[in-house]
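First comes the structure, then the notes that go with it.
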Amino acid sequence: MQVGAANWDIIWHGVVNVESFFTPPHLVLYSGVGLCLIATITGIVISIKHNGVLKKQFSLFHKIPNPLKLVALGCVIEVFSGQFDSWWHTNFGFDGLLSPPHLMLISGMLFSIIGALIGAHLSDTQKKFKLISQMISYGILWMIVINFVFMFTLPFSEGQHFDFNPSPTVAVVLGSILPPAFTAIIFYSVQSLPFAFRMTFVAATLMTLQSLATIISNSYFIGLFPLYLLNLLVPVSLDIISFYTKNNNKSFDILSNKDYKRIIFSITIAFFFITIYFPWSVNMFKVYFGIERITFESVIIFEQLLWKFILPVLMPVSFISSLLGILIWKKFYGHQKLINMFKVVVRY
């Protein structure tokens, strides 16, 4: 609810000149914050009851699992960001994408979903429910991380009193490197899950949120919905190939090494970030290239960028940044302090 409504809010700002905090996207978003807070408090109460009595200082704190502490921290940040956002609208009216309360809100979302993902990973609950929980969490984490990048790259941050729009050069550099790198890292991690169509499930999670919040929520993009769904063919095809080569590696020698296969598949999905994250993806680059088109003309922006930037420049950069992102993540994920903190089982 939170991450979907956040994207809906961007579209809402594009259609309506919003000067009030009380809008339908905000209602959905902060309802999600309220549900997250209720779930977190429930989880803390259950943890304290099940872990018995600890005769040490801050015993209650030690009874709460570390992942749940991350979720709780995220919820606290989100609650305060709501108050901050209401105050900001009251005093400064219309705000842009990158306003302090919005940055605070998405930071809280990030903490919450990372805690939820780790908690699902460590859970002793039913295997099928655990797998589904992890895949949904990966999809939401993917969307939040990319939205974080958009905050510092999209030219939508000029409010009534403050202009936080990024430098066009910075937007092009960050927008070219970070989305494919984060996408590759997400899908490299996803492939450790023992589920046949794991990449498809995670991609479908993000695409469902993006479709509801951005594609079909307005008359400008609803006609693109069938084309947008074609993005799902990429993870479906990769899942089928992964399943087929699992017991038939002789047919695909390069895929006989499981880690190579995970890297190749992750980079392949990262290549399509420009269409998966449409329309926001192409809007990161329009100012740098002097394209004076509004968000609802993103198809035209895509056409103007395709041959002079996306294919000759963005695709090679995506390959390099995706590969480097995976290599850096593998090094970071094996860090002993991180493993000990969350008791994470590292799978290669």
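Give me the percent relative contact order of segment 64-221, please, defined on Cα pairs under 8 angstrom at least 6 residues apart. Display every interim value, and only then the final one.
On the way: 173 pairs, mean separation 37.1, N = 158.
Averaging sequence separation for qualifying contacts and normalising by length gives 23 percent for segment 64-221.
For segment 23-49 versus segment 72-117, the spacing of their alpha-carbon centroids is 14 Å.
Note: segment 70-185, Cα convex hull, 95 Å³ per residue. Its Cα centre serving as origin, the chain has a Cβ charge dipole (Lys and Arg +1, Asp and Glu -1) of approximately 1980 debye.
Compactness of the chain was expressed as the Cα radius of gyration divided by 2.2 N^0.38 Å, which yields 1.03. Evaluated at q = 0.17 Å⁻¹, a Debye calculation over the C-alpha positions of segment 146-263 (equal weights, vacuum) places log10 I(q)/I(0) at -1.01.
So how much slack lies between Gln126 and Ser167, counting 0.36 nm per residue of separation and subtracting their Cα-Cα distance, in nm? Write down the numbers at each step before the final one.
On the way: separation 41, 0.36 × 41 = 14.76 nm, distance 4.83 nm.
Going from the current span to full extension adds 9.9 nm.
Give the carbon-plus-sulfur fraction of the accessible surface of the chain in %, rounded to a whole number; probe 1.4 Å, heavy atoms of protein chains only.
Numbers: 12120 of 17370 Å².
Roughly 70 percent, rounded to a whole number.
Given their separation in residues at 0.36 nm each and the Cα-Cα distance between them, Ile320 and Leu229 gain 30.1 nm when the chain is fully extended.
Site pair Lys308 and Ile240 shows an inter-label distance of 3.8 nm when each label is modelled 7 Å from Cα along Cα→Cβ. The mean accessible area for residues of segment 162-203, using a 1.4 Å probe and ignoring ligands and nucleic acids, is 36 Å² per residue. When you count the other C-beta atoms within 10 angstrom of each residue and take the mean per peptide, 102-111, 322-331 line up highest first as 102-111, 322-331.
So how much slack lies between Ser192 and Val45, counting 0.36 nm per residue of separation and subtracting their Cα-Cα distance, in nm? Write down the numbers at each step before the final one.
Details: separation 147, 0.36 × 147 = 52.92 nm, distance 3.15 nm.
Length difference between fully extended and current span is 49.8 nm.
Farthest towards the positive end of the charge dipole of segment 122-277, among the residues Leu206, Phe150, Ser266, is the Cα of Ser266, using unit charges on the Cβ of Lys, Arg, Asp and Glu. Helices of the chain meeting both criteria, an alpha-carbon length of 27 angstrom or more along the long axis and an average Kyte-Doolittle score not below 1.0, with helices taken as full DSSP H segments, are 24-50, 100-122, 127-151, 168-190.
The sum of -39500 (n - 2.57) across all DSSP H runs of n ≥ 4, divided by the residue count of the chain, sets its helix-only mean residue ellipticity at 222 nm to -21500 deg cm²/dmol.
Between Asn66 and Glu297, the simple spin-label model (points 7 angstrom out along Cα→Cβ) gives 5.1 nm. The largest-to-smallest principal axis extents of the Cα set in segment 119-210 are 51, 25, 23 Å.
The values are calculated or read from the model by the stated rules, or taken from the named source; none is laboratory data. Since we're looking at a predicted model, the values are computed, not measured. Ideal geometry is used to build each Cβ from the backbone, glycine not excepted, and the neighbour counts take in all protein chains shown. With ligands, DNA and RNA removed, areas are computed over all heavy atoms of the protein, side chains included. Shrake-Rupley method; radii C 1.70, N 1.55, O 1.52, S 1.80 Å.
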